[in-house]
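One structure is given below, encoded as structure tokens.
The values are calculated or read from the model by the stated rules, or taken from the named source; none is laboratory data. No experiment lies behind these values; they were computed from the predicted model shown. Cβ placement follows ideal geometry from the backbone for every residue including glycine, while neighbour counts extend to all protein chains displayed.
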Amino acid sequence: MKVFISSTAQDLVAYRKLADDTVLRLSQESVAMERFGPLPGEPIAECERKARESDVVLCILAHRNGFVPDKGRGSITRREVEAARAAGKDVLVWIVADDYPWTEKKEQDLLTDPTVLADPARVAEVAAGVQSLLDFKSWLRAKFVCEAFTTADDLGRKIAVALSKHAQDGAVRRPEPARGEVRIVHALQPAPHFRGRGALVEELSAWVSDLASPDRRRADRSGGLPPRPACGSLERGRR
């Protein structure tokens, strides 16, 4: 099973590493940006492609929106999730608990930077990022079953349980291989009303009923069969 890990990076380093380790420990293929290397196309398009080509996408979200490559189209994380959903892939979502004391970076932390506060355009940009993050979380909760997490260990345990269950459910849904079917096919169609051979039917019926007919074949004492007299009508009936 190919598992794509989608999340922001700077605030979730330890969480991403534990998620990656959990996927590998379950003997599944982990698709994480830390191992992407050089990509043949544009980075965003390649991330979307890898999400579409995976079997499952793990979306992990805390308090950062992340980079928005195209204004109005959402963050990279959102675009990865949208690409997977459009391709019909399963998306498992974890959002940090609102009451968990978060010590990593938050989107609104930039509002404490004097240089940002001195630039109205930057303040508006940060506010838009905070709103975009809130919209993304609302969209995730509306489209998927989302689970809360706290510590990295807590997230790792929940990912292990979810992926194990997902693998079992996939095995149950897998259709059984097609089996061969035995059919008996007759060369001749059923003929409940035999027509056109009345005289031959009478001749054959009389021969069957006459147990003393010289045409009947019996084994001689040597174990062989005596020559059978020619019966033109009977031979014609067998053709």
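State whether one or more residues within the stretch 43-55 are modelled with pLDDT of 90 or more and more than 26 Å from the chain's Cα centre (by Cα).
Scanning the stretch 43-55 turns up no residue that is modelled with pLDDT of 90 or more and more than 26 Å from the chain's Cα centre (by Cα).
Name the single residue, out of those in the stretch 145-160 being closer than 18 Å to GLU104 by Cβ and touching a residue at least 60 places away in the same chain (Cβ under 8 Å), that is surrounded by the fewest Cβ atoms within 10 Å (Cβ to Cβ). Step through it out loud before you land on a result.
Pass one, the stretch 145-160, residues closer than 18 Å to GLU104 by Cβ: 148-156.
Cutting the leftovers down to touching a residue at least 60 places away in the same chain (Cβ under 8 Å) gives us 149, 152-153, 155-156.
Details: PHE149: 21, ALA152: 16, ASP153: 12, LEU155: 24, GLY156: 20.
Looking at residues that are closer than 18 Å to GLU104 by Cβ and touching a residue at least 60 places away in the same chain (Cβ under 8 Å), I get ASP153.
Yes/no matrix, rows are residues, columns are (1) part of a helix (DSSP H, G or I); (2) farther than 23 Å from VAL13 by Cα; (3) among the polar types (S, T, N, Q); (4) in contact with a strand residue (DSSP E or B) (Cβ under 6 Å, 6 or more places away or on another chain):
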position: ASP98; (1), (2), (3), (4): no, no, no, no
position: GLU104; (1), (2), (3), (4): no, no, no, no
position: GLN108; (1), (2), (3), (4): yes, no, yes, no
position: GLU125; (1), (2), (3), (4): yes, yes, no, no
position: ALA128; (1), (2), (3), (4): yes, yes, no, no
position: LEU133; (1), (2), (3), (4): yes, no, no, no
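Of all residues in the stretch 2-39, count the ones that are in a loop (DSSP other than H, G, I, E, B), exposed (fewer than 14 other Cβ atoms within 10 Å of the Cβ) and touching a residue at least 24 places away in the same chain (Cβ under 8 Å).
1
Does ALA160 fit the bill of being within 27 Å of the chain's Cα centre (by Cα) and either at pLDDT 95 or above or assigned to a helix (DSSP H, G or I) (or both)?
Yes, satisfied.
Under 20 Å from ARG79 (Cα atoms) and of a type outside the set (S, T, N, Q), is that true of ASP55? Break it down into steps so the answer makes sense when it comes.
Details: under 20 Å from ARG79 (Cα atoms): yes; of a type outside the set (S, T, N, Q): yes.
It is true that ASP55 is under 20 Å from ARG79 (Cα atoms) and of a type outside the set (S, T, N, Q).
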